[in-house]
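Heads up, the thing below is written out as structure tokens.
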Amino acid sequence: MYKISVEKLDDLFKKASESRTIYLPVDKENGAKFEKWSEGKKLSNALNTVRSAKDFIFPQTENLADFRISGKNIEVRDAHEELEDFVIFGMRACDARSFEILDKVFLAEPVDTYYKNRREHGVLVTIACTKPSETCFCQTFGIDPTKPEGDVSAWICDGEMYFESNTEKGKTFIESISALLEESGSEAVEKQQSETKEILAKLPLKDVKTDAFGGDKLNELFNSPKWAELSESCLGCGTCTFVCPTCQCYDIRDFDCGKEIKRFRCWDSCMYSDFTRMAHGNSRNSQLERFRQRFMHKLVYFPANNDGQFGCVGCGRCLSKCPISMNIVKVMKTLEG
């Protein structure tokens with residue numbers, strides 16, 4: 001384990017940025033947001049960013065290909081761009097686990113090469129939580145916020161930041177900044193972990209369980225009459241899907257720019273009435289059906305196809321951002337009752 005004084009973090013970012021672009025959470029007017037590091041930007045102390053780090057590997061909009069038409073000839077231009085190496089510094093444990101869930105979708109055959117390219121160029125440096133929020137329930141999904149996953153795990157204790165590498169990419173990153181680090185024991189980290197676990201044990205959502213969910217509960221849950229009441233107040237705004245670190249739905253559209261056609265991929269939401277619309281119409285015509293789809297995917301369909309792993313990481317963003325206070329925890333508690 002290694003450490004550096006928090007007061008010297010700017011030196012660390014400067015050194016690391018010599019070989020990679022560094023992105024870190026920065027305090028903004030409406031909450032913390034990941035931004036490219038430059039002189040003067042400070043690491044936020046916020047528990048989490050408003051939007052997750054998913055944007056770095058699965059961006060909200062992405063140019064897939066360009067088509068230029070000349071008479072009867074069509075020229076197809078691959079829009080892949082060679083990416084620079086980058087570091088996402090300051091992710092929390094929930095966001096780090098979300099990458100594992102996204103990997104199961106985008107790195108399964110046929111592999112999404114756009115996603116794979118970004119994933120291979122990125123280094124994930126996570127920071128342990130010390131002040132979890134009342135909306136946090138990552139422990140429900142087996143996540144330990146006191147020992148976050150990622151290429152490098154970090155802890156901030158008593159004015160020092162401690163580092164521990166978990167992967168080869170993590171070791172390479174530590175080596176790139178080793179001149180600024182000093183070796184250290186783990187006593188301070190262990191003490192902080194113990195203190196944080198005492199807080200976690202008192203959180204209001206600590207007892208949220210997944211026992212009533214999973215692939216073997218499909219028919220029982222799909223046909224539950226409780227969906228009608230749960231979905232009644234949903235606005236279908238899609239806020240929950242856009243702040244969610246594990247949602248992976250997208251649409252592909254072609255845009256006529258005059259001299260060429262550009263094909264873009266952009267985030268979509270199963271909560272929208274035009275989602276997966278086909279020539280004959282939409283297979284989910286009611287808000288109840290769309291609402292049910294979102295939560296059945298997280299709690300039933302995804303674990304059924306991924307060895308029991310749920311499609312939620314308990315980050316709490318949907319709890320804090322939903323305008324009518326409807327969220328996955330309310331759904332789980334209602335359906336298991």
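The values are calculated or read from the model by the stated rules, or taken from the named source; none is laboratory data. All values reported here derive from a predicted model rather than from experimental measurement. Positions of Cβ are generated from backbone atoms using ideal geometry, with glycine treated the same way; all protein chains shown enter the neighbour counts.
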Which one of these is under 24 Å from the mean Cα position of the chain (by Cα), more than 22 Å from S5 (Cα to Cα) and of a type in the set (S, T, N, Q): T196, T140?
T140
So the strands (runs of 3 or more DSSP E) completely within the stretch 62-151 holding 1 or more residues that are touching a Ser or Thr at 6+ places or on another chain (Cβ under 8 Å), more than 21 Å from N45 (Cα to Cα) and not assigned by TED's automatic domain parsing to the domain that holds K259 are 86-91
Filter the stretch 46-61 down to residues that are in a loop (DSSP other than H, G, I, E, B), farther than 20 Å from G314 by Cβ and of a type in the set (S, T, N, Q), then give me how many there are.
1
Yes/no for E183 being free of Cβ contacts under 8 Å to residues at least 12 places away in the same chain and over 30 Å from N327 (Cβ atoms):
no
Restricting the stretch 3-20 to residues that are closer than 15 Å to I174 by Cβ and small (G, A, S), the one surrounded by the fewest Cβ atoms within 10 Å (Cβ to Cβ) turns out to be S19
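Table: residues versus (1) in contact with a strand residue (DSSP E or B) (Cβ under 6 Å, 6 or more places away or on another chain); (2) of a type in the set (A, V, I, L, M, F, W, C).
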residue: S153; (1), (2): yes, no
residue: C157; (1), (2): no, yes
residue: F173; (1), (2): yes, yes
residue: T196; (1), (2): no, no
Tell me which of these K226 doesn't satisfy, since it passes every other one: (1) out of contact with any helix residue (DSSP H, G or I) (no Cβ under 8 Å at 6 or more places or on another chain); (2) over 29 Å from E100 (Cα atoms).
(1)
Go through (1) in a loop (DSSP other than H, G, I, E, B); (2) touching a strand residue (DSSP E or B) at 6+ places or on another chain (Cβ under 9 Å) for P323 and report which single condition fails.
(2)
